[in-house]
């Protein structure tokens, strides 16, 4: 309300996207942190990463220097780098296991914290071990910047 008049009705996410500082002030100064904690990382998951199985070579995929290695059940086994044959992540092979992974309901805030703690620019999203895609630091920041009305604006 402003001067006795209702000026906006909406969810906290809609309030954060509002250009009017008076309206945004109802959410508080930590609105970006609240937004990051309210949105699941699955919403920024990149599914364009190449996926290979043991014995396959990384396909030509512009922008990707690696592929995700999965088994026949689509369970995540690690990553392989361009030009190297995929093998087993548990035996001698060029596959590199990832020390951490996210679940589909992990928040963007938790994803960013875990990427920073692990020193990685991305982490895989797994559902029961099944590979769903990658969450990148860049995608998390782009999501915040590109919100309608822009929290960055």
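The values are calculated or read from the model by the stated rules, or taken from the named source; none is laboratory data. Please read these numbers as outputs of a predicted model, since none were measured by experiment. Positions of Cβ are backbone-derived with ideal geometry, glycine not excepted, and every protein chain shown enters the neighbour counts.
Is it fair to say residue 67 is surrounded by 15 or more Cβ atoms within 10 Å (Cβ to Cβ), modelled with pLDDT of 85 or more, under 26 Å from residue 39 (Cβ atoms) and under 20 Å from the mean Cα position of the chain (by Cα)? For residue 67, the condition - surrounded by 15 or more Cβ atoms within 10 Å (Cβ to Cβ), modelled with pLDDT of 85 or more, under 26 Å from residue 39 (Cβ atoms) and under 20 Å from the mean Cα position of the chain (by Cα) - is not met.
Between 47, 29, the distinction of being at pLDDT 90 or above and exposed (fewer than 13 other Cβ atoms within 10 Å of the Cβ) belongs to 47 only.
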